[in-house]
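We did not get these values from a lab; they are worked out from the coordinates using the rules stated. Everything quoted here is computed from the prediction, not taken from an experiment. Here the Cβ positions follow ideal geometry from the backbone for every residue, glycine too, while neighbour counts run over all protein chains shown.
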């Protein structure tokens, strides 16, 4: 025996609206509640709850994108990630030289041996469209490596450089920037 819901006697599922507070999931559920409110229950409050769920998701994600682009905390976080990656990248470059006998001509060559080599400049965060690599230049038997920083312009005061200790007896080819 199959049971059917009679929209005139059954109560609309208003409590499902609480799930609309979960971003993204709430948008899909909100769409469902909006359609149920219009088509099945003919209930304006259920439709309003559904529309509010969709709107809530839009507000939450818009706020996150705005904060990611303009918040100092987010920018500082991207700079910290970039600093760690630059330090790690020196190791990748030196290992490349150890295994190939020379420094790479471009950073993309590092990913032939190590697909996880961090060559994308994280410091620029959401400010760019497309892929932006760290600044790398092979200079004879040495190399230069740095991040263009938040502004994306090389050789400005916000540039980030690897923080590695190079002693007189060190065989690291990194050119120190001052």
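For helix 44-70, what angle does its Cα long axis make with the longest principal axis of the chain, in degrees from 0 to 90 and rounded to 10? So the helix axis and the longest Cα principal axis differ by about 10 degrees. The relative contact order of region 1-135, computed from alpha carbon pairs under 8 Å that lie at least 6 residues apart in sequence, is 18 percent. Orientation-averaged projection of the chain equals 16.8 nm² [convex hull of Cα atoms, one quarter of hull surface area]. Packing around the peptides 33-42, 147-156, taken as the average count of other Cβ atoms within 10 Å per residue, puts them in this order, highest first: 33-42, 147-156. Extension gain for the segment residue 137 to residue 74, taken as residue separation times 0.36 nm less the Cα-Cα distance, is 19.8 nm to one decimal. Relative to the longest principal axis of the C-alpha atoms of the chain, give the angle of the C-alpha long axis of helix 72-100, reported between 0 and 90° and rounded to the nearest 10°. It is inclined by approximately 50 degrees. Computed log10 I(q)/I(0) for region 72-146 at 0.23 Å⁻¹: -1.04, from the Debye equation with unit scatterers placed on every C-alpha and solvent omitted.
Note the angle between two axes, namely the Cα long axis of helix 25-35 and the longest principal axis of the Cα atoms of the chain, as a number of degrees from 0 to 90, rounded to the nearest 10. Helix 25-35 sits at roughly 30 degrees to that axis. Across region 14-70, the mean sequence separation of Cα contacts (distance under 8 Å, 6 or more residues apart), normalised by length, yields a relative contact order of 37 percent. Ranked by the mean number of other Cβ atoms within 10 Å of their residues, highest first, the peptides 162-172, 92-102 fall in the order 92-102, 162-172. Gain on full extension, evaluated as 0.36 nm per residue between residue 155 and residue 116 minus their Cα-Cα distance, stands at 11.4 nm.
Length gained on full extension, residue 176 to residue 67, computed as 0.36 nm times the residue gap minus the Cα-Cα distance: 35.9 nm.
Among beta bridges identified by DSSP and lying wholly in the chain, the antiparallel ones come to about 90 percent.
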